[in-house]
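J.: The structure's right below; bear with me while I get my questions together.
The values are calculated or read from the model by the stated rules, or taken from the named source; none is laboratory data. All of these numbers come straight from a predicted model, not from anything done at the bench. When we count neighbours, we look across all protein chains shown, and the Cβ atoms used for this are built from the backbone with ideal geometry, even at glycine. Side chains are part of the model used for accessible areas, which takes the heavy atoms of the whole protein and leaves out ligands, DNA and RNA. Shrake-Rupley method; radii C 1.70, N 1.55, O 1.52, S 1.80 Å.
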Amino acid sequence: MTSVVVVGGGFTGFECTRHLLRELRKHNASADISVISPVDYMLYTPLLPDVAGGVVDARFVAIPLANTLRGVQHIRGRVDSVDFDRRTLVFIDPEERVRSLSWDRLVLTPGSVTRLFDVPGLAEYARGLKSTAEAIYLRDHVLEQLELANVDDDAGRAVARRTIVVVGASYSGTELVLQLRALADSATKHMNYAPDDVRFVLLDLAEQVMPEVGEKLGAAAQRVLTMRRIDVRLGVTLKEVHSEHVVLSDDSLIRTRTVAWVTGVTGAPLIEELGLPTEKGRLRVHSDLQVPGHLHVFAAGDAAAVPDVTRPGKITPPTAQHATRQGKVLGHNVAASMGYGKKKIYKHRNMGLVVDLGPRHAVANPLNIQLSGFPAKVVTRAYHLYAIPRFVNRWAVGLAYLTDLFFDRSVVSIGLSSEEDARFHASEGIPMPGPD
Ligand SMILES: Cc1cc2nc3c(=O)[nH]c(=O)nc-3n(C[C@H](O)[C@H](O)[C@H](O)COP(=O)(O)OP(=O)(O)OC[C@H]3O[C@@H](n4cnc5c(N)ncnc54)[C@H](O)[C@@H]3O)c2cc1C
């Protein structure tokens with residue numbers, strides 16, 4: 001039987017496997033399909049800011065592969081290298097054992113990791129927002145710092161504990177800062193200080209917040225940020241990060257013990273190990289998602305530089321919208337490579353974006369219709385409930401939304417994710433920088 005190995009169980013790998021199963025069923029055929037991934041779930045990342053802000057539980061945004069991809073073998077592990085001539089790959093399992101696997105068809109969908117820059121102290125003191133460990137850590141850490149500030153007898157250190165810096169004012173950084181503000185507002189109701197004693201700073205090198213939604217909606221988001229008392233500083237970024245302060249590129253200093261780095265992504269480290277041509281850190285593929293020169297190897301999603309045939313010369317941006325649709329085409333084309341159906345090329349026009357800006361606010365541009373305020377909020381939440389790919393998870397998120405509508409957010413840090421768990425290398429698999 002033909003063996004198909006899918007590397008990565010995120011948006012693309014998950015959708016590819018679902019569609020491959022569907023195609024094979026349609027042709028009354030079967031294959032030996034394995035999905036190999038370090039985690040046993042597909043993570044619905046657009047709701048990570050809600051996890052960090054305490055609106056939804058991390059389990060609600062984790063779609064279990066075992067419950068959803070029946071008949072598929074799931075292997076826990078991180079792929080380290082691929083031998084294209086021998087058609088094998090090597091992976092490290094959760095107990096650090098080195099193992100290998102052979103394949104007839106290989107689908108590379110390991111996604112992306114946070115793009116780090118050479119900012120002193122960044123990898124040590126900042127944390128990202130790409131994994132459940134990072135989102136849970138941010139929620140717990142912010143609450144813990146507020147609790148500690150309450151009883152700190154050093155006034156300067158207490159200020160640092162109550163100051164949160166988020167770097168990156170694109171949609172996920174903006175969502176994060178506003179969700180954390182809502183969490184902090186709930187917390188301060190039960191603590192000894194006024195909401196304004198907790199300070200949030202949002203930084204970006206760009207001249208506008210959320211340039212990806214255009215000027216009008218960017219301005220609407222800026223108004224929400226101002227109303228929610230976020231200190232937005234544009235045209236600046238981090239120059240240095242220390243345990244109790246950061247230095248900005250304009251040489252100003254902010255005392256803080258919480259730095260969230262949400263500035264963008266680059267292809268997963270595996271991509272560089274493959275020794276194949278890349279573009280902007282993503283693996284080059286043809287528009288049918290096949291890897292050039294390797295007939296039986298496919299790739300898509302954040303890890304691949306997929307040509308955008310609707311914008312000649314450009315590649316598709318790293319979004320869930322493209323990843324999901326590319327996954328479908330991948331599933332179809334892998335089946336076609338086995339003789340079931342005909343290959344397709346990937347073509348999709350951007351459908352717009354929904355951005356949740358915390359309590360009562362959102363902006364959205366579905367099909368280029370510009371929405372803000374209450375209509376955008378309804379569209380945003382309805383969209384997520386539609387897009388989460390499993391009924392039980394949709395149900396749980398729906399109930400969490402309802403709870404959030406009527407009750408204060410729980411001021412509880414359970415401590416499931418430690419400072420170490422949330423480091424970029426531990427939570428996202430970014431290699432640790434070697435000694436100079
Ligand atoms: C906070 C946040 C908010 C976002 N919000 C939105 C949004 O609102 N709308 C939108 O369109 N997009 C959004 N995105 C972008 C979206 O999440 C990505 O574009 C999408 O996840 C890409 O899908 P993927 O399958 O390529 O990668 P992923 O979904 O990241 O999946 C990759 C999988 O591969 C696994 N993997 C990595 N390396 C290996 C390896 N070596 N071996 C085996 N497995 C490996 C990973 O563990 C993961 O399971 C958001 C992203 C973030 C971080």
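J.: Please work out if PRO431 is open to solvent by 40 Å² or more (accessible area, probe 1.4 Å) and in a helix (DSSP H, G or I).
T.: On the way: open to solvent by 40 Å² or more (accessible area, probe 1.4 Å): yes; in a helix (DSSP H, G or I): no.
Against the criterion (open to solvent by 40 Å² or more (accessible area, probe 1.4 Å) and in a helix (DSSP H, G or I)), PRO431 does not qualify.
J.: How many residues does the stretch 390-422 hold that are touching a strand residue (DSSP E or B) at 6+ places or on another chain (Cβ under 9 Å) and open to solvent by less than 40 Å² (accessible area, probe 1.4 Å)?
T.: Of the residues in that region, 2 qualify.
J.: While we're here: Any residue in the stretch 304-323 that's in the same structural domain as VAL291 (by TED's automatic domain parsing): show its pairings with residues that are within 10 Å of the ligand (Cβ to nearest atom) and part of a strand (DSSP E or B) at Cβ separation under 6 Å, as long as the two are six or more apart or on different chains.
T.: ALA304/ARG282; ALA305/ARG282; PRO318/SER112; PRO318/VAL265
J.: Applying the selection to the stretch 245-256, what residues are of a type outside the set (S, T, N, Q) and exposed (fewer than 15 other Cβ atoms within 10 Å of the Cβ)? Let's see the steps before the verdict.
T.: At the first step, the residues of the stretch 245-256 found to be of a type outside the set (S, T, N, Q) are 245-248, 250-251, 253-255.
Within the stretch 245-256, ASP250, ASP251, LEU253 meet the criteria.
J.: Now, a different point. Scanning for something in contact with a helix residue (DSSP H, G or I) (Cβ under 9 Å, 6 or more places away or on another chain), part of a strand (DSSP E or B) and β-branched (Val, Ile, Thr), does the stretch 22-34 turn up at least one residue?
T.: yes
J.: Among the residues of the stretch 138-170, how many are closer than 24 Å to ARG59 by Cβ, under 18 Å from the mean Cα position of the chain (by Cα) and open to solvent by 20 Å² or more (accessible area, probe 1.4 Å)? Working first, answer last.
T.: Step one: filter the stretch 138-170 for residues closer than 24 Å to ARG59 by Cβ, giving 138-144.
Subsequent filtering for residues that are under 18 Å from the mean Cα position of the chain (by Cα) retains 138-139.
Next cut, open to solvent by 20 Å² or more (accessible area, probe 1.4 Å) only: 139.
Residues in the stretch 138-170 being closer than 24 Å to ARG59 by Cβ, under 18 Å from the mean Cα position of the chain (by Cα) and open to solvent by 20 Å² or more (accessible area, probe 1.4 Å): 1 in total.
J.: When the residues of the stretch 49-81 are narrowed to those that are modelled with pLDDT of 95 or more and of a type in the set (Lys, Arg), which ends up farthest from the ligand (Cβ to nearest atom)?
T.: That would be ARG59.
J.: Condition check: at pLDDT 95 or above, in a strand (DSSP E or B), open to solvent by less than 10 Å² (accessible area, probe 1.4 Å) and not β-branched (Val, Ile, Thr). Does LEU176 satisfy that?
T.: Working: at pLDDT 95 or above: yes; in a strand (DSSP E or B): no; open to solvent by less than 10 Å² (accessible area, probe 1.4 Å): yes; not β-branched (Val, Ile, Thr): yes.
No; evaluated as a whole, the condition is false for this residue.
J.: Which of the residues that make up the stretch 183-213 are open to solvent by 10 Å² or more (accessible area, probe 1.4 Å), within 16 Å of the ligand (Cβ to nearest atom) and assigned to a helix (DSSP H, G or I)?
T.: Listed by number, the residues that qualify are PRO211, GLU212.
J.: Give the residue that is nearest to the chain's Cα centre (by Cα), with candidates limited to residues of the stretch 59-88 that are over 25 Å from ALA426 (Cα atoms) and in a loop (DSSP other than H, G, I, E, B).
T.: Among them, the one singled out is LEU69.
J.: Could you list, in sequence order, all residues of the stretch 108-130 that are within 16 Å of the ligand (Cβ to nearest atom) and either out of contact with any strand residue (DSSP E or B) (no Cβ under 9 Å at 6 or more places or on another chain) or closer than 19 Å to LEU180 by Cβ (or both)?
T.: THR114, ALA126, ARG127, GLY128, LEU129, LYS130
Conditions tested, residue by residue: (1) within 24 Å of LEU48 (Cα to Cα); (2) in contact (Cβ under 8 Å) with a residue 12 or more places away in the chain.
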position	(1), (2)
THR114	yes, yes
PRO120	no, yes
THR132	yes, yes
ILE136	yes, yes
LEU143	yes, yes
LEU146	yes, yes
ASP153	no, no
SER170	yes, yes
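J.: Can I ask one more? Can you confirm whether VAL35 is within 11 Å of the ligand (Cβ to nearest atom) and touching a residue at least 24 places away in the same chain (Cβ under 8 Å)?
T.: Working: within 11 Å of the ligand (Cβ to nearest atom): yes; touching a residue at least 24 places away in the same chain (Cβ under 8 Å): yes.
Yes, satisfied.
J.: Can you find, within the stretch 230-267, the residue that is farthest from ARG127 (Cα to Cα) among those that are of a type in the set (Lys, Arg) and touching a strand residue (DSSP E or B) at 6+ places or on another chain (Cβ under 7 Å)?
T.: Only one residue tops the list, namely ARG233.
J.: Kindly indicate whether PHE14 is open to solvent by less than 50 Å² (accessible area, probe 1.4 Å), of a type in the set (Phe, Trp, Tyr), within 9 Å of the ligand (Cβ to nearest atom) and not in a strand (DSSP E or B).
T.: Here the answer is yes, as PHE14 does meet what is asked.
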